[in-house]
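Below is one structure, written out as structure tokens; comments come after it.
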Amino acid sequence: MGFSYRKAKFVAYEINGPRVQSHRLLRNGKAENKIGGFAESEKAKTMASRLSVMKHVPPNRPWSMIHLLNPRPFSTEHHQPPPVTNTTPSSLKQQELAKFSAIADTWWDSEGPFKPLHALNPTRLAFIRSTLCRHFRKDPYSPKPFQGLKLIDVGCGGGILSEPLARMGATVTGVDAVEKNINIARVHADLDPVTSTIEYCCTTAEKLVEEQRKFDAVIALEVIEHVAEPAEFCKSLAALTVPDGATVISTINRSMRSYASAIIAAEYILHWLPKGTHQWSSFLTPEELVLILQRASIDVKEMAGFVYNPLTGRWSLSDDISVNFIAFGTKNSQ
Amino acid sequence: MNRVIARKLAANAYELRASQRQFCNDAAAKLSNSNLSHPNNECEVKQRFTDNVQSHDIAIVGGGMVGMALACSLATMPLTKHLNVAIIDSNPALRSNYCIKKEDPPDPRVSTVTPATISFFKDVGAWKYVEQHRHAYFDKMQVWDYTGSGYTRYNARDINKEALGCVVENKVLQSSLISSMHNTDFQKTIYPSRLTSMAILPSSSSTGVDKSSSAIVSYPRGQLAKLELSDGGSLCAKLVVGADGGKSQVRELAGFKITGWNYYQNAVICTVEHSVENHCAWQRFLPSGPIALLPISDKFSNIVWTMNPNELDCKMNEDDFVKALNHALDYGYGPHPKSGVLGSADIFSWFRGDVTMSANECFEVPPKVVKLASERMVFPLSLKHANDYVAKRTVLIGDAAHTVHPLAGQGVNMGFGDASALSRIIADGIAVGTDIGEISLLKKYEAERKSANVMMMAVLDGFQKAYSVDFGPLNVLRAAAFHGAHHISPLKRIIVSFASGQLRLPFFS
């Protein structure tokens, strides 16, 4: 039980202007958000223009950390109806399932191409567990603290995050724009009666907004850096969240260190990720993320960084948000 | 829609196979039903031979001290107490609170539990049962060798503790853990049987297309380990824990490789009686290896005597054995060491500023053995260490992972350390929704325990080797080591803390 989820309590941030400062407060999410008064300032305008620059999407990114085989997961320009919704297409054969299950093995192979994600997974889940337990007043010592919560994992990929969430008791919906990912996720989830209750849909966040779906918590991890319009994407996430619900987003900072570690080290030196996985210019800084979430009426209450220890090969939560970071916010009740 | 159909088809295929197996199990069923003629009210007697194979979260193979320690630890932690655990062991004691008669003389199979183990037992609620039975704390320990060149005395007060350890009969440790487990509302199923085969149900793709049943891919419920038992029963579990001792069946079936060697020596163990009370642990290094005298209750002590197979044997009559024992603990093989034989007090005087209590204690002669109070048992000694502790859905704990020289009584403490670490890591995994059989989770256990265990084994093996050679320069070194350990307080504290399981050696922590 000495796991680091307790640590997350101490890694909290107060939002004070666009600067995100580290300090040890916000245990009950009481800190006030002062970002509103800043919105019209000069800096915010330049930030807004910067955000619009980010509209350009690299022509083709065949790989991404979460979105294997998914070039543009949540593009808003993507208007043709998603190929499948809610159910497996009736043309899907059993042999096909067998084929997908073979691929599912690589998605789920903790030593395979998704190794970095598997290594990071317990750490980000620890953050989610700690923040959601406090926000929804759930017992952190319960093996299934999320019982009774409806969560959505946006950009679920093969279901690496959705399955643990389901084991923690949540009613999980996993969505991904890539049909292959969804099929892989379904095959794998069916292996365990607990995870077979996950509802996987090949769709987009925007589509679900149109369907007026609502969730207690919306989780989009390592997705926003692959999105054409982060601001629009955040609005969609907010629209999916019930009032007083929670939103959790993780991404990579746009810093010198993130360029060195997430792109040069991870892609070119360690070959953790295929070259071209990430576009440094489309990363968001914590300040920018806080701002666009604020505009989507989500107040960021807590933020933590992920740091990698090369000796143990493990990730842990820390104050250092200069590379990978995760933010927890709540939706305004009005 | 298709998903639903697929699942149904899969379920049908599953049942089909289950029923096939039932035919071959019928004979075995009758056989083992007779074994179950006296069902116990304390625990559920499992419903076997239903259509479906029983599925569990964890299957613990071996309900010995370490296996029960794991079960107990899982039963008491908030994040793991909901787990559905199977314990596979043919020992009838597991299914009831069998009582230990206090008037029986102490059993020769005892363990020296360290303060770290005692606090673990307190955490899992088992220590209060140990206290109801025979147990003996000791706060002093004396180590010396046959050359008479030096000795070391340790005192619990050196590390500000009440006791250096406690000697408890193995059956008391085990029954305390069983009582503690039965006191919780833990979901356990005890299979009074032995493991015969084990298979990791392959992931869906290779479970494969069942040719006979019209090319249906069947997905059994989960990637599970499937265990077949000697009574014909079978069960599935997400995680199989091999706690089945030095000759672990799980280790063999899962194909773990081991490294190790035999010492070509035997340990003779027995209970002896003194005419006076004993509250000190004694260990003397003889040419063939150590002899240890551990207090077990007021006038009883336990003997662990390492000897070469040809040296002495159990055929020797009792009187001769007692004589040989007293000889070995006293003047046999060499003189008593004298305090300050090397002028050590002066050599080490620069440490005087920080003197431990025991540094001024003089050499004592252990109490005389008056008679033998139990059978003598002989065990061959060996060192074994599994190269890996974990594989897919399989994990080894205790002697299944490492068998050590009984010197210093560390073996079972390492096992309790394993049980404690594994249950904590399972709880950590459950906290973040991990599948408990996932190898990346189990690797954390291996990383934590392997370095600790290897370190301890290296120290024990080193001791065994260092003291089994009678060679001039080495004897001087040993004498220096004794003096150093006796007089250099910081070193003494480190040794005592390490031996009580509360410290990893400084260069490893």
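Observations on the structure shown:
- As a summary of the residue check, B:Pro78 satisfies the conditions (1) more than 25 Å from A:Val194 (Cα to Cα); (2) open to solvent by 30 Å² or more (accessible area, probe 1.4 Å); (3) at pLDDT 50 or above; (4) of a type outside the set (A, V, I, L, M) except for the one numbered (1).
- Check on A:Val175, within 26 Å of A:Leu291 (Cβ to Cβ), of a type in the set (Val, Ile, Thr) and touching a Lys or Arg at 6+ places or on another chain (Cβ under 6 Å): no
- Scan of the stretch B:261-291 for residues that are among the charged types (D, E, K, R) and in contact with a Leu (Cβ under 7 Å, 6 or more places away or on another chain), ordered by number: B:Arg284
- When the stretch A:117-137 is filtered for residues that are more than 12 Å from every other protein chain (Cβ to nearest Cβ) and surrounded by fewer than 19 Cβ atoms within 10 Å (Cβ to Cβ), the ones remaining, listed by number, are A:Phe136, A:Arg137.
- So B:Ser55, is it surrounded by 15 or more Cβ atoms within 10 Å (Cβ to Cβ), under 29 Å from A:Lys144 (Cβ atoms), of a type in the set (Ser, Thr, Tyr) and modelled with pLDDT of 85 or more: yes
- The stretch B:420-444: number of residues that are of a type outside the set (S, T, N, Q) and either surrounded by fewer than 23 Cβ atoms within 10 Å (Cβ to Cβ) or in contact with a Gly (Cβ under 7 Å, 6 or more places away or on another chain) (or both): 9
- Every residue from the stretch B:213-237 that is at pLDDT 50 or above and outside any strand (DSSP E or B): B:Gly222, B:Gln223, B:Leu224, B:Ser230, B:Asp231, B:Gly232, B:Gly233
- Look at the stretch B:424-450: where a residue is facing another protein chain (nearest Cβ under 8 Å) and in a loop (DSSP other than H, G, I, E, B) and a partner is buried (at least 23 other Cβ atoms within 10 Å of the Cβ) and of a type in the set (Gly, Ala, Ser), sitting 6+ places away or on another chain with Cβ atoms under 9 Å, you get B:Val432/A:Ala126; B:Gly433/A:Ala166; B:Gly433/A:Ala170; B:Asp435/B:Gly429; B:Glu438/B:Gly429.
- Where strands (runs of 3 or more DSSP E) sit wholly within the stretch B:91-201, those with at least 1 residues that are open to solvent by 50 Å² or more (accessible area, probe 1.4 Å) occupy B:135-138, B:140-145, B:187-191, B:195-200.
- Any hit, the stretch A:150-157, residues being within 10 Å of another protein chain (Cβ to nearest Cβ), touching a residue at least 12 places away in the same chain (Cβ under 8 Å) and surrounded by fewer than 24 Cβ atoms within 10 Å (Cβ to Cβ): no
- Entry remark, the stretch A:165-176: residues being in a helix (DSSP H, G or I) and open to solvent by 10 Å² or more (accessible area, probe 1.4 Å) number 1 in total.
- Pairs with Cβ under 8 Å, 6+ apart, first in the stretch B:230-241 and in contact (Cβ under 8 Å) with a residue 12 or more places away in the chain and open to solvent by 10 Å² or more (accessible area, probe 1.4 Å), second part of a loop (DSSP other than H, G, I, E, B) and basic (Lys, Arg): B:Ser230/B:Arg194; B:Lys238/B:Arg393
- Meets criteria (out of contact with any Asp or Glu (no Cβ under 9 Å at 6 or more places or on another chain), charged (D, E, K, R) and open to solvent by less than 20 Å² (accessible area, probe 1.4 Å)) for A:Glu302: yes
- Filter result for the condition that a residue is in contact with a strand residue (DSSP E or B) (Cβ under 7 Å, 6 or more places away or on another chain), surrounded by 22 or more Cβ atoms within 10 Å (Cβ to Cβ) and outside any strand (DSSP E or B), over B:Val250, B:Val272: B:Val250
- Test result for B:Gly255, touching a Ser or Thr at 6+ places or on another chain (Cβ under 6 Å), open to solvent by 10 Å² or more (accessible area, probe 1.4 Å) and touching a residue at least 40 places away in the same chain (Cβ under 8 Å): no
The values are calculated or read from the model by the stated rules, or taken from the named source; none is laboratory data. Just so you know, these numbers come straight off a predicted model, no measurement behind them. For neighbour counting, all protein chains shown are included, and Cβ atoms are generated from backbone atoms with ideal geometry for every residue, glycine included. These area figures cover heavy atoms from the full protein model, side chains too; ligands, DNA and RNA do not enter into them. Shrake-Rupley method; radii C 1.70, N 1.55, O 1.52, S 1.80 Å.
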